[in-house]
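Before anything else, here's the structure in question.
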Amino acid sequence: MDKMQNYRTVTLKRKKGETFGFSLRRAIEDGAKFRLAEDLPTLHKIINVLENGSAHKALLRNDDRLIEINGQDVKSMSYAECVRFLQNTGDTVTIKVIRLSGENTISPSLLPSIIVTAEPSVENQSFNINISDFLKPNRCIYSIKVDYNDSSIIQCFEILKPHCQNPEDSLDPTFNTIVNDPLDANILCQILSNQTSTTEALTAYVVDSLKRYHALNDIIVLLSDALESLVETGAGNKYEMLVDQLTKRMLLVQTLENMSYDSQRFLCNFIRKNDLPIPLSYQFWNSTEKTMYHRINFNCLMETLCITDLHVVLQFGSPSASGLGKTSLIGYLFNDKRRESFFTDIADYSWRDGCVDVIFADQFTIFDIHGKATDIRLIQSIQPYTYVQIIYVTQEDLNGDFLKSNVMQIVPNIQTIIVVFDHNYDDIELSTMLIKRFEEKFTQWTNIKWTSAPILKTHNSLPARKIAQRNKRLREKFDQLLTQIKPDIQQSLFRSCFQIQLSFYENNYSNLKPIKIMFEIETELDHLFSQLSDKTENLLLVTPISYQQSQSKISRASLYDSLKPERLVSNSTVNDVSRNIQTPNIINKYHEFTISLLNHRTYIELLMVEAYLEKWRGAYMPSLRKEQEVLREKASVILRHLKQAERENSTTSEATSLRQQYETLLTDLRDIDRRLMNVDLTFGLFCDELFALWDNIHKTQSSSEIRKLQNKFDLVATKLAELVYKGFALHILRGRPLQSHSQLLKICMEKLNFGDSVTILTVIGEQSSAKSSLLNSTFGCNFHVSAGRCTIGLYLGLAYYKNMSIIILDTEGLMSLEESGSIFDNQIVTMAVLSSNLVLVNHKGEISSSLEDLIGMSLYAKIQIQSSPFKPQLLFVLRDQTQRDMKIFQQQLNKLKDNIQTNGQFLQMSIDDELEMKHIVLMPGAFTEDTNRDYGIVQKWRTETFSMEINKLRMNVFQNLEEQMNETVNMNFPPRNSSNFINLRKNFGVYLYSKLTTNWKSIDDLGEGLLRCQNLYELSVQNELKSIAASIIVERQNQLQRIGSDLIEMLIKKNDQLMHTNLNTSENLKPHVWLQQIVIEGSTELSKIIDEQSEDALKDYEEQTPHSYFKYMKNHEKTIKSSIKNMQQYLYEQLEMRALERALKTRHDYYRRELLNIKITVKTSDEFTMELNQRVQELEL
């Protein structure tokens, strides 16, 4: 059959309340890799064609492949978009299908009508779930009443009364707000005694402790101090019980219950980063109902385990094993866990019975069930996805039915380790005999490994030698058991927490089986990225606009660099390079995907995209990173030899050879860098492409097309601005070469919430010096951290402190070998100094030559803005300082000052003023590595000292910012409450965008001249003024054209009516008379509105340049006025042309009417000729 005969286009109609008589289904198995081809022409096929329905009558059949809906191609459209499109078509829809060979019979197949779509499978069920449905309150929270009578716990809840007014509210502002003062015993005392809003204040400090990675240790330590203060006031007895019950677990539960669902999900990311267990289920006292509830809160896992490669470990015990130390044994199973990673406080025992904590270890997620299960369904929902379950029993269970009735009858095939708590553990012979008794009784269970363990609650009372022996024995045995299990375990069945949630609500608990799930977002991602690799031109395919702009700029730079100074490069030559780059389709499938992800998808699906891309990158980046490190090491060695050869005045040939080797290695490093960028596909990169795309649309598309897309991109800007509050920074300087301009970025910044007081802080430092980590722990940001270069250009985050909005700029690392020999470092440092109130100069390690270089660049950049009325403060943060004694450090500092002063005499500024001790912060290392005596192994963990010192760093930063802000307000901003001040604050996002983009343009345009520039500040201000003036001119000219055109049409219409009224006189048929009349009137009116627009433009200029540092540089007033005045001649010509057109048309109309009248009134041709000649003579007169 001819291929075209397989296509069919039909129009379907439906009545109100009816369907079109068919359903949609994917044409391929979920998760399969695919590409459109003859045997797979589309992603969707028609199913469930109802007999005698609209589709059936139109001769549609099951398995027809959907090609178009209402003329729009839907072959590659996502399932959700396709369904949404059909739902919004109204009562009539035209669809085009293709029928493949053999697919022409009706065979209805009904799918389960539940919240998920089931795909039959031989081994297990497969579901494609809708994440939005699982975020609904009735799906994410499950609560049952429980009997509970521990008055101390109940009283604790009654005092704190955690309550969220609106659980479906947006993100809690606590995540973006820094507490006014560091927590101390006095503040905690006020919180506990209800002198302040208890729940809100406590929530703020819990979140703050987690943001600083202090893991709530500060609050726990201060509780006893607070109790002492309360005792002194006579109220100690009342709160002693409260202090005893406020464990870490209680603090987290109180905080969760005080937050919206969205905030609960976000909070658990911080809990995980602090290496604390996440309470998946917990007891909660309802103060209103006076009832204790057992609550399963699936929100707690939705962001941390939305998609994962971690294996599930499930551990629980018999009632007789409760309280014997099973949670503490996790540290012997997994080498990265410490006792501090678990909730083992004795105060938790009475109210965590049956509760589940989730612990994250390397490659594993551990579900730890405490005591006796309150709702066995949750355990049964976890078991089908379990890699290994660990069950704890005692000798009592040898003759009991716990193992048989609660474990093996439900899921008999799970690999299991049964740990017997043994009072005689140290007697190896007796302990071995006990294990043998268990093995002999349960010989039929072949999937079980048996071992014993000591009762750990008596562990610490033993001699150190005995503890060391136990540690060694336990670790060796658990390592042996896990090694034996690994070969028996197939690929993990666990992919997402939504599997557990789905099993909990939907599963048949008499026949538990794992549920395979696929997400629609994964199917789309497979379609987009399965064909890409490290061999494909990914940047060209995925981000074509950004890529081509980058190539164009590189080509321009190459042309200028390759030509001799005496030769000139014409604009046509440069334009030829741009034209050689192929222009892409305006919006490709990757653009559409990113726009849809932002505008219509959930935040969790965005996290899934990040996880998918991380896994995709993981196939290529590790080997490239390894190759990069090898080359860097070789280059560093050659560079050291080269510098030594130059110092020793070695032979020319030796130095030349070393220099050639070094240049070759640099070339190889830059090639590796290019290859890394080609596979470094991230969500942030896609957002950068949207910035470039919107600008390109404005350049290439008609105004009508732009208007069609405006709402879509406005929503994109809104969503990106919202993501800033979840830690997704806006990319200010992006791409290679770096660029800043973007209309979409400008709209994003307009939508950010800035208060009355705004200040800018920037961090600079060497590559891989943990700048981003410092910002994250200090301000609670979410800047990306990883090995190698992960910050490209400049990112913008936002935090709030008291009445201050702090704009946080994170810069790309300096002193990389890839950028050696360029002015990149100077440009970044200058940008930081030029744009900020405070610059944090971050240095990791001991004082070195690299620190000298960093300080030198910072001081030189500060000289470049010497004409500025205020100078940004430099604050030097020296990290990982093992010796923080100020007296000893002062000696090192004096030596550093001498070196800088000697090598930088040209700076002509006082080094002592800039490098005073008050401008230097000495920080300890964030991590330490030592032997963990609890488990007898060497481990690495975060230090509490670093978290405490963060508070001191904050106070230093805030003091500097407040001083700078006061200076800025006094010297540069209009008076508070003035109209100029209000206007500036209202449009601060636009002002900030203008400032940052003009600063970078000034720096970038200078190029190599940056190193010779002595007054960069004034150049930047002039560029800023020029940009503001140009924007005002364009806006006022457009407005003047609209007003002028409307005025001309009004004058034409008014005079046209008068002319038609008086057409019986020949005087009104003279065009020059009518023209003269309308031009005189129009000129007067046009002059009036031009003067008004000119004055308004100058007012705009004054309002948008209120800073005092503009005062002596304003020289654009005449340009603005003349540019507005230039519109006068254009409008006059428009007036005359329209008037002439109308006058001539009126005369023509009159002549036609006269001829018609003559023809009607005369009877003969002679009379007609005579009458006509007479009328012509009259008109000529």
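Computed from the coordinates by the stated procedures, all read-outs in this text should not be read as laboratory data. Note that the structure is a prediction, hence the values are computed from the model and not measured. No Cβ is skipped: glycine too gets one built from the backbone with ideal geometry, and neighbour counts run over all protein chains shown.
Could you compute the net charge surrounding Leu1086? Neighbours are other residues with a C-beta less than 14 Å from the C-beta of Leu1086; K and R count +1, D and E count -1. Numbers along the way, then the final one.
Numbers: positive: Arg1042, Lys1088, Lys1125, Arg1138; negative: Asp1046, Glu1049, Glu1081, Glu1085, Asp1091, Glu1092, Glu1133, Glu1136.
After counting each charged neighbour, the total is -4.
Taking 0.36 nm per residue of sequence separation and subtracting the Cα-Cα distance, how much length would be gained by fully extending the chain between Ser320 and Glu929, in nm to one decimal?
Values: separation 609, 0.36 × 609 = 219.24 nm, distance 3.73 nm.
That works out to 215.5 nm of additional length.
For Ser704 and Asp169, compute 0.36 nm times the residue count separating them, minus their Cα-Cα distance, and round to one decimal in nm. Each step should come with its number before you reach the end.
Values: separation 535, 0.36 × 535 = 192.60 nm, distance 3.72 nm.
Using 0.36 nm per residue and subtracting the Cα-Cα distance, I get 188.9 nm.
Sticking with this one: Quick one: net charge around Ser503, please, counting Lys, Arg +1 and Asp, Glu -1 for every other residue with C-beta under 12 Å from its C-beta. Intermediate results must be reported in sequence, preceding the final value.
Working: positive: Arg377, Lys513, Lys516; negative: Glu506.
Neighbourhood net charge equals +2.
Can you compute the charge dipole magnitude of the range 147-298 about its Cα centre, using +1 on each Lys and Arg Cβ and -1 on each Asp and Glu Cβ, nothing else charged? Give it in debye, rounded to the nearest 20. Don't skip to the answer; put the middle values down first.
On the way: 11 positive and 20 negative charges, 88 e Å.
Here the size comes out at about 420 debye.
Near the amide H of His44, under 5 Å away, which other amide H atoms are found, from residues 5 or more places off or on another chain, if H is placed in the peptide plane?
HN-HN under 5 Å from His44: Ala27, Leu66.
Given R₀ = 35 Å, FRET efficiency for Met241-Lys436 by Cβ-Cβ distance, to 0.05? Mind showing how you got there, number by number?
Numbers: r = 47 Å, r/R0 = 1.35.
Result of the calculation: an efficiency of 0.15.
Now a separate question. With θ set to phi - 60° and the Karplus curve 6.51 cos²θ - 1.76 cosθ + 1.60, what are the ³J(HN,Hα) couplings of the range 522-534 in order, to the nearest whole Hz, using x for Gly and Pro?
5, 4, 5, 5, 4, 4, 7, 10, 5, 8, 8, 7, 6
Further, regarding this structure: If Lys and Arg each add +1 and Asp and Glu each add -1, what is the summed charge of the other residues whose beta carbon sits under 14 Å from the beta carbon of Tyr1132?
On the way: positive: Lys1088, Lys1125, Arg1138; negative: Glu1081, Glu1085, Glu1133, Glu1136.
Combined, the nearby Lys, Arg, Asp and Glu give -1.
Grab the beta carbon distance between Asn399 and Asn447, set R0 = 25 Å, and tell me the FRET efficiency rounded to 0.05.
Numbers: r = 22 Å, r/R0 = 0.89.
My answer for the efficiency is 0.65.
For a Förster distance of 35 Å, can you work out the FRET efficiency between the beta-carbons of Glu1103 and Asn711, rounded to the nearest 0.05? The partial results should precede the final answer.
Details: r = 29 Å, r/R0 = 0.82.
With R0 = 35 Å, the Cβ-Cβ based efficiency is 0.75.
So for the pair Ile1160, Thr664, with labels modelled 7 Å out along Cα→Cβ, what separation do we get in nm?
With each label placed 7 Å out from Cα toward Cβ, I get 10.0 nm.
Taking θ as phi - 60°, what are the ³J(HN,Hα) couplings along the range 345-351 by the Karplus curve (6.51, -1.76, 1.60), each to the nearest whole Hz, with x for Gly and Pro?
So the Karplus estimates, Gly and Pro as x, are 5, 5, 5, 7, 4, 6, 10 Hz.
Same structure, new question: What does the extension gain come out to for Asp426 and Thr92, with contour length at 0.36 nm per residue minus their alpha carbon separation? Don't jump to the answer; show the numbers that get you there.
Numbers: separation 334, 0.36 × 334 = 120.24 nm, distance 7.98 nm.
So the extension gain works out to 112.3 nm.
Output wanted: per-residue J couplings in Hz (rounded whole) for the range 267-283, from phi through Karplus 6.51 cos²θ - 1.76 cosθ + 1.60, θ = phi - 60°, x for Gly and Pro.
4, 5, 5, 5, 4, 5, 4, 8, 6, 10, x, 9, x, 6, 9, 7, 8
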